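Since the structure comes first, as structure tokens, the remarks are kept for the end.
The values are calculated or read from the model by the stated rules, or taken from the named source; none is laboratory data. Remember, it's a predicted structure, so these values are computed and weren't measured experimentally. Virtual Cβ from ideal backbone geometry, glycine too; neighbours counted across all protein chains shown. We work out accessible area using only protein heavy atoms, side chains counted, and drop any ligands, DNA or RNA first. Shrake-Rupley method; radii C 1.70, N 1.55, O 1.52, S 1.80 Å.
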Amino acid sequence: MAKDIVFVLHGIGKYDKGWLSEETGAVNALKKASEQYGFFKNQSIDSYVEFVPVLYDDVFRRIMSHWASQAEGLKNSLPVLPELASEVLDFVSDLDEDDWEKTFAADVVLYRGFRLFQQRVSLRVIKQIVDKVVETATMGDAVPDYHILAHSLGTAVANDALCHLGNESWINGLAARHAAETNPEIRQEQQDILHAFERLKEQWNVVNPFSPTLFTFESVTMISNVSGFIYATEKPERTIVRPGTSSAEGAYAKTYINANHIADPVSIATDFDPPADWELTDRFRDLKFNHFLPNDDLSGAADIGAWIHCASHYMAHPNLHLRLLSKYVNPYVPSDDDMKSLNAFPRKFGPSSIGAPFKAGFDKLKSKDISGLDDIINAIDKLKEVLDV
């Protein structure tokens, strides 16, 4: 049996190829969580799953490093009224990247506001997904199941990239864009995608091998989901990145897991609201957490908010990691003893157990008071003003 493939999309920050093993990351936390269950005592998740890091942060860093020389081009690419471009650019250029919320604010404005970032990021992500699918789907008779695991800004990036990937008009237009492209790096990425598509077309005898009627993701998991606000393609109610069956509904996700936290400032600020019809399907799980893991390095609401926002903090909850373990590891079915953690964890780490050093900051965030995180709020409010949303 082929290993399941999990494409992992990071949030804000600087990442390299080894980022999956970082302490605050989702994959490292999932592996650690698995160790408490009997099935994984003598075998690793890695025996059943291949986690594929999908990197795109260098697009932001590279363009930001040449901000002055590219400012005019960015203004011309803004998908709103031209007279508002300078205002947004001035706002972003005033931010530094010393704090996580400032980095998030800058990336939100750049990704949501400028086509240059949207197009480059989507192309980068699509290339990595397509390359891995071609590699694994053409090795033999066993085709693996594919999954998406995205966090924070990566949820919006995943939503947009998958919308393009499954859209025949975008694929058909790629050849024309490639012919007109002058940037050698972009041309190479476009060419690689086109070659990969041709390889799958020949093997599968289809027009678009990634059409949702032919290709689906076994699961899409969005942690601290911002895709309902920071999107470049389709709103959640119209996107193909939704739960359902591919043949009947043209949906890309056999299962869609949405995880937010009541005291995560990013979840609070972006306020993902799933369409009503998603709630009617057993293929959708909307998880709202309220746990808190103590951390002696925290001080103040900003630090507490950053900790709660971490993918590892989310993944510690059994209601998330047990679901993912059972989806990613085909032979694994949680035992009765495993399921006891669903009740034990909230008793140990629920709101009533939060110690005095953290309680004030947690309660402030839980009440949706995120006034201490002004850069995130200012960025999102500015976008709402500029984009009239």
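Entry remark, segment 181-208: residues being touching a residue at least 24 places away in the same chain (Cβ under 8 Å), open to solvent by less than 60 Å² (accessible area, probe 1.4 Å) and of a type outside the set (Phe, Trp, Tyr) number 8 in total.
Note on segment 205-242: residues that are modelled with pLDDT of 80 or more and either β-branched (Val, Ile, Thr) or not in a loop (DSSP other than H, G, I, E, B) (or both) total 12. Let me spell it out: the conditions are (1) assigned to a helix (DSSP H, G or I); (2) open to solvent by 80 Å² or more (accessible area, probe 1.4 Å); (3) of a type outside the set (D, E, K, R), and His178 meets all of them except one. Which number is the exception? Result: His178 fails condition (2) only. Surrounded by 23 or more Cβ atoms within 10 Å (Cβ to Cβ), more than 17 Å from Tyr56 (Cβ to Cβ) and not basic (Lys, Arg): is that true of His147 in this structure? Spelling it out, His147 is indeed surrounded by 23 or more Cβ atoms within 10 Å (Cβ to Cβ), more than 17 Å from Tyr56 (Cβ to Cβ) and not basic (Lys, Arg).
If the condition is being in a helix (DSSP H, G or I), more than 11 Å from Phe229 (Cβ to Cβ) and of a type in the set (Ser, Thr, Tyr), then segment 268-287 contributes no residue at all.
The residues in segment 101-128 that are modelled with pLDDT of 75 or more and touching a helix residue (DSSP H, G or I) at 6+ places or on another chain (Cβ under 7 Å) can be counted, and the count is 10.
All told, Ala263 meets the bar of being at pLDDT 90 or above, more than 19 Å from Val121 (Cα to Cα) and assigned to a loop (DSSP other than H, G, I, E, B). If you go through segment 305-326 and pick out every residue that is assigned to a loop (DSSP other than H, G, I, E, B), within 13 Å of Asn290 (Cα to Cα) and of a type in the set (A, V, I, L, M, F, W, C), you end up with 1. Screening Ser353 against (1) open to solvent by 20 Å² or more (accessible area, probe 1.4 Å); (2) more than 22 Å from Lys32 (Cβ to Cβ) leaves a single unmet condition, (2). Within segment 49-63, restricting attention to residues that are open to solvent by 30 Å² or more (accessible area, probe 1.4 Å) and at pLDDT below 85, the residue that is nearest to the chain's Cα centre (by Cα) is Asp58.
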